[in-house]
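Peer 1: Right, I'll just put the structure down here and ask away after.
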Amino acid sequence: FFFQAEDGIRDTSVTGVQTCALPISVATAFPNWSATTHESTEMNNSMFENESYVAYFSAPWCGHCESSLDAYDQVLPEGKMVIFSYDPDEDFSDMNAWHEKTETNLNRSIDRPFMLNPPLAQAVGMNSLPFVLFVNPDGFVYHVQVGKFTDQDAISKLWQSTQTATVDEGGRWI
């Protein structure tokens, strides 16, 4: 697994569904990445230098992921979430189709980049959907949220904590 994580913590009290938050005791840098968005523009991690962001991993066929995506989209500021598909299957490689399907299913517009990046999903150890990483301004993964998660207050608190999260000289969160 990519992260130096302690035991995963199962939490069903907040959302009523099983999620897993993976506590990260040692700061791990989010890998360098680049990808083409559903609008055919190029993006990469340097666009987020000195800024927090959320990397949301899912797949076009993941129905239960849409409610989580909706919650994150409603909470996170514009330009602070990137959506990656991990599925290299040609039937699911059209990011524009995925974007349009998501907008239709949620009955509203989603102004976030949708990108195909299976190697990045593998690099971060994605093992379930959705797989969400909160990246602090220094480029370190502060929090990993695995599974359906729709608690907007909790997402907001995680986002605020991520923005101010720092590490000590030994690479541990303080």
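Peer 1: Which of the strands (runs of 3 or more DSSP E) contained wholly in region 69-174 include at least 1 residues that are farther than 22 Å from Thr36 by Cα, touching a Cys at 6+ places or on another chain (Cβ under 7 Å) and open to solvent by less than 60 Å² (accessible area, probe 1.4 Å)?
Peer 2: Passing ranges, in order: 140-146.
Peer 1: Taking interchain pairs and intrachain pairs at least six residues apart, which have beta carbon atoms under 9 angstrom, with the first residue in region 137-162 and at positive phi and the second open to solvent by less than 10 Å² (accessible area, probe 1.4 Å)?
Peer 2: Gly147/Thr19; Gly147/Ser68; Gly147/Pro130; Gly147/Phe131
Peer 1: Could we say that Phe2 is in contact with a helix residue (DSSP H, G or I) (Cβ under 8 Å, 6 or more places away or on another chain), at pLDDT below 90, surrounded by 13 or more Cβ atoms within 10 Å (Cβ to Cβ) and not basic (Lys, Arg) here?
Peer 2: Yes; evaluated as a whole, the condition is true for this residue.
The values are calculated or read from the model by the stated rules, or taken from the named source; none is laboratory data. Model, not experiment: these values are computed from the prediction. So basically every Cβ, Gly included, is an ideal-geometry build from the backbone, and we count neighbours across all protein chains shown. The accessibility values were calculated without ligands, DNA or RNA, using every heavy atom of the protein model including side chains. Shrake-Rupley method; radii C 1.70, N 1.55, O 1.52, S 1.80 Å.
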